[in-house]
1. For Pro60, indicate whether it is under 29 Å from Cys232 (Cα atoms), modelled with pLDDT under 95 and surrounded by fewer than 19 Cβ atoms within 10 Å (Cβ to Cβ).
2. I'm trying to understand the selection: among the residues of region 26-49, which are more than 17 Å from Ala108 (Cα to Cα) and either at pLDDT below 95 or under 19 Å from the mean Cα position of the chain (by Cα) (or both)?
3. Within region 1-15, take every residue that is out of contact with any helix residue (DSSP H, G or I) (no Cβ under 8 Å at 6 or more places or on another chain) and of a type in the set (A, V, I, L, M) and give me the one that is nearest to Leu34 (Cα to Cα).
4. For the structure I just gave you, tell me whether Met188 is part of a helix (DSSP H, G or I) and within 14 Å of the ligand (Cβ to nearest atom).
5. How many residues are open to solvent by 10 Å² or more (accessible area, probe 1.4 Å) and touching a Phe, Trp or Tyr at 6+ places or on another chain (Cβ under 7 Å) if we restrict to region 279-305?
6. Tell me, please, whether a residue that is farther than 17 Å from Thr43 by Cβ, among the basic types (Lys, Arg) and within 16 Å of the ligand (Cβ to nearest atom) can be found in region 135-156.
7. Within region 244-251, can one find any residue that is more than 16 Å from the ligand (Cβ to nearest atom) and in contact with a strand residue (DSSP E or B) (Cβ under 9 Å, 6 or more places away or on another chain)?
8. With the checklist (1) of a type in the set (Gly, Ala, Ser); (2) over 15 Å from the mean Cα position of the chain (by Cα); (3) at negative phi in hand, flag the one item Gly53 doesn't pass.
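The values are calculated or read from the model by the stated rules, or taken from the named source; none is laboratory data. A quick note: this is a predicted structure, and the numbers were derived from the prediction, not measured. Note: ideal-geometry Cβ built from the backbone for every residue, glycine included; neighbour counts use all protein chains shown. What goes into the accessible areas is simple: the full protein's heavy atoms, side chains included, and nothing from ligands, DNA or RNA. Shrake-Rupley method; radii C 1.70, N 1.55, O 1.52, S 1.80 Å.
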Amino acid sequence: MTNSVTVSAASNIALVKYWGKRDTAANDPATASLSIGLEDLRTTTTIGFSDAGDDQVISPMNEASTARLIRFLDRVRETWNIDRNFSIETSNNFPTGSGLASSASGFAALALGINQLLGLELSGMELSRLARRGSGSAARSVYGGFVEVIPSDDAWANRILPADEWPLSVIVAITSEASKQTGSTEAMQISADTSPFYKQWLATHQHDMTTAKAAIEARDFAALAAVSEHNCLKMHATIMTGQPSVLYWLPATVAVMHQVLALREAGIPAFFTIDAGSQVKVICQAGDADRVNQSISAVDGVIRTLVTRVGGEPLISVA
Ligand code: DP6
């Protein structure tokens, strides 16, 4: 019998974003999305059974996130008729809850670990559906590489291209180490309920997906850059125009965006994307990573950078 399972799952960054839900209770996204796995931004989770009478959780998460984790475990117990408690120890090698998708890698690690611990033998589709129940973006982190979410009344993710078929680098500009004030779940509800742009966000989304997938298929960096930045800015415009407005950007966030434009002016292909936080992820071709990193590191307000590449295949070990 398996005593414990350790999973390393990578965070991912969406180039075409998930923002809004069609069903909040099922945590089902309103739209498709498309992401790249981030090889070196990882959550490591060890999961086993606990005889302590309740679930034992050691993690860097705050109270609300821990409560969400326990709800996820309750659902697992209910779905597979399990009468046991779990012991979970989890850590991230990057700042938690600050817009670097710790919930994506966290819930993907959990879904993969539970699958192994309970011997469920879930398919990729089922694993991504399970992870999605914890966090929408986690559906994508059960795979590495280029991944899309297929929307439905039970959305799931699919890998569209392995990482090594298009070696891209990602420079993460850390502009704040603090946890964000408004989590993505809450902020996307505000957008859906109150932003005058939300309807247009939904109406134009499939076009962005089609354009991004065609760009990936053709390995057309400039086309992927254009649609990714457009989609990111459209999501943030929707977020900013909710009531209350949520402004994730700091001065350094905007400064990095300008630096990326300057790099492109200077003939170095690069583009930015930003999730629900102030960090900026700059994507470039592998051969330009050093130059782009130097240029982004020098921007005022950038605390440090993390340099990684598209990847993020999960790693699982059993004790
Ligand atoms: C901006 O997956 O964190 O990162 O499903 O409510 O947990 P919940 O939301 P979450 O939202 C991610 C939003 C985003 C865009 C994206 O990753 O697609």
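1. yes
2. If the condition is that a residue be more than 17 Å from Ala108 (Cα to Cα) and either at pLDDT below 95 or under 19 Å from the mean Cα position of the chain (by Cα) (or both), then Ala30, Thr31, Ala32 are the ones that fit.
3. Checked region 1-15; the qualifying residue nearest to Leu34 (Cα to Cα) is Ile13.
4. So Met188 fits the description; yes.
5. 1
6. No, the conditions are met nowhere in region 135-156.
7. Among the residues of region 244-251, not one is more than 16 Å from the ligand (Cβ to nearest atom) and in contact with a strand residue (DSSP E or B) (Cβ under 9 Å, 6 or more places away or on another chain), which makes the answer no.
8. Status for Gly53: all satisfied but (3).
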